[in-house]
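This report refers to the structure that appears directly beneath it.
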Amino acid sequence: MSNHKLILQDVTKFFGRRLIFQNINKEFFSGNIYGFAGNNGTGKSTLAKITAGLLSPNKGKAEHYKQQQPIDYNELYNLIGFVSPELILYDEFTAEENVLFALQIRGIKPDGKKIDFLFEKFNLFGRRKDTLKKYSSGMKQRVKFIIALIHNPTLLILDEPTSNLDNKGKEIVYKIIESEAKEKLIIIASNEKNDLLLCNNILQLENYKQ
Amino acid sequence: MNGYSIFKKDWFSELRTRYAINALAMFILVTVSVILFSVGEEEISPYLTGGLFWVVIFFSAMSGLSRVFVSEEERGTVLLLHLLAKPSTIFTGKLLFNIVLVFLMNGVIVLLYTLFFNSFVILNTQLFFITIILGNFGIGISSTIIAAIISKAGAKGTLYPVLSFPVLLPLILVLLELTEYSIDGKTITESYVELLILLCYNVIMLTASYLLFDIIWKD
């Protein structure tokens, strides 16, 4: 077990004067799948970004712990795998180059076997040398998953994980989420019923509007 | 090492997309040609040629160096970078890329000037090259941090030269002075104060940039 713990303390977010959510207090532990649910505009993606350290809350904080020790913001990037429709990859590079650059920038030595294994798992092995310009949106979504998993993160944040995926792609993703959840802390932000069925704890963001 | 990986990623990306190189090359060619046509057969003083040399460098830098952050912002790949490395690593990679670009750009400009401007006679080449090297670092550092600032703004194209002018002005003034000394054949010892100012400018800009970048990058 990775023992990644996340604590949201009084997390409040405004965009301009518009309140998105306020006073979210919750603890998240490894080995569980948590869901952020709510209608459009309730702040699921915003909260996902706050938990990943990509956005600052107006009030409160998101604190990460590993083995009971607080994780520094500057070290967080190597412990998080993040998938989101807002995440855009480099179209001019091949899928394999995107993965390799992601690893090198993180300072991790690429493991060829692991890269091939993930490309095979996501049914992209034969197309790994194609530039992303030639990929469909569903295929790009699969590459995002490979990048999110390749460095073996302890926290996986999946914002609309099945968007653009066909049924086969969704099946692959659900299987991976279930197997990764044994070791990791997983957070899913989604409207999809099937995505949320995987979660054993759901945060309804409509409850944090007032 | 991670900063170098970002530089490598940007370099390969640049070779495939030609975001900055094309803009820089065209700008250098056009401005040098315009100066050549407007001067014609006239004899212009070496000082004026030296001044025009830095004018070309300043505006070329304005045309291409902002791409380092603007292209990431425009293509929407900023979020990916946020996820992959800490801010200081990102800045190091982007700074390396811009410095290499400035060296290439200025190398071409020096070559064109040597070939086409008879009045561009440098008596102390050693001092001139030290000036160019320190100047390149200064332009690289300043343009990178300004690119990071303006990449978040709406009117990026206008804002870049507007913000760069006051930041680069002290640097350009010292560079002009040192180019004049090189043309006159003054020694490095005689130019010690100006070289020290250049060095201090670079150190201050580099330190301020690393301190500022964390804040710019996070929000």
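Does residue B:57 satisfy the criteria of being at pLDDT 90 or above, of a type in the set (Val, Ile, Thr) and crowded, with 20+ Cβ neighbours inside 10 Å? I'd like the intermediate steps shown before the answer.
On the way: at pLDDT 90 or above: yes; of a type in the set (Val, Ile, Thr): yes; crowded, with 20+ Cβ neighbours inside 10 Å: yes.
Taking the combined requirement at face value, the residue satisfies it.
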Review point. From the residues in the stretch B:11-55 that are of a type in the set (Gly, Ala, Ser) and over 26 Å from residue B:68 (Cα atoms), which one is farthest from the other protein chains (Cβ to nearest Cβ)?
Key: B:45
Study note, to complete from the structure: All-but-one check, residue B:72 against (1) closer than 28 Å to residue B:169 by Cβ; (2) out of contact with any Ser or Thr (no Cβ under 8 Å at 6 or more places or on another chain); (3) facing another protein chain (nearest Cβ under 10 Å), failing number (2)
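Please work out if residue B:138 is crowded, with 20+ Cβ neighbours inside 10 Å, modelled with pLDDT of 95 or more and away from chain A (no Cβ under 14 Å). Write out each step before concluding.
Working: crowded, with 20+ Cβ neighbours inside 10 Å: yes; modelled with pLDDT of 95 or more: yes; away from chain A (no Cβ under 14 Å): yes.
When the stated conditions are applied, residue B:138 passes them.
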Check your understanding: Given the conditions (1) out of contact with any Leu (no Cβ under 6 Å at 6 or more places or on another chain); (2) in contact (Cβ under 8 Å) with a residue 40 or more places away in the chain, and given that residue B:7 satisfies all but one, which numbered condition is not satisfied?
Key -> (1)
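Among the residues of the stretch A:54-76, which ones are within 29 Å of residue A:139 (Cβ to Cβ) and more than 12 Å from the chain's Cα centre (by Cα)?
The initial filter retains those residues of the stretch A:54-76 that are within 29 Å of residue A:139 (Cβ to Cβ), namely A:54-55, A:76.
Selection gives A:55, A:76.
Consider residue B:92 carefully, then state whether it is within 22 Å of residue A:94 (Cβ to Cβ), among the β-branched types (Val, Ile, Thr) and within 14 Å of another protein chain (Cβ to nearest Cβ). So that I can check it myself, show each step before the final result.
Values: within 22 Å of residue A:94 (Cβ to Cβ): no; among the β-branched types (Val, Ile, Thr): yes; within 14 Å of another protein chain (Cβ to nearest Cβ): yes.
It is false that residue B:92 is within 22 Å of residue A:94 (Cβ to Cβ), among the β-branched types (Val, Ile, Thr) and within 14 Å of another protein chain (Cβ to nearest Cβ).
Of everything in the stretch B:157-181, what is of a type in the set (A, V, I, L, M, F, W, C) and under 23 Å from residue B:130 (Cβ atoms)? Give them in sequence order. Write out each step before concluding.
Pass one, the stretch B:157-181, residues of a type in the set (A, V, I, L, M, F, W, C): B:159, B:162-163, B:165, B:167-169, B:171-176, B:178.
Those that are of a type in the set (A, V, I, L, M, F, W, C) and under 23 Å from residue B:130 (Cβ atoms): B:167, B:168, B:169, B:171, B:172, B:173, B:174, B:175, B:176, B:178.
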Study note, to complete from the structure: Counting only helices (runs of 4 or more DSSP H) wholly inside the stretch A:130-210, the ones holding at least 2 residues that are under 17 Å from residue A:38 (Cβ atoms) are A:193-197
Review point. If only one of A:189, A:148, A:181 is hydrophobic (A, V, I, L, M, F, W, C), within 26 Å of residue A:24 (Cβ to Cβ) and modelled with pLDDT under 95, which one is it?
Key: A:181
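The values are calculated or read from the model by the stated rules, or taken from the named source; none is laboratory data. Given the structure is predicted, the values throughout are model-derived calculations rather than measurements. Methodologically, a virtual Cβ is constructed for each residue, glycine included, from the backbone with ideal geometry; neighbour enumeration extends over all protein chains shown.
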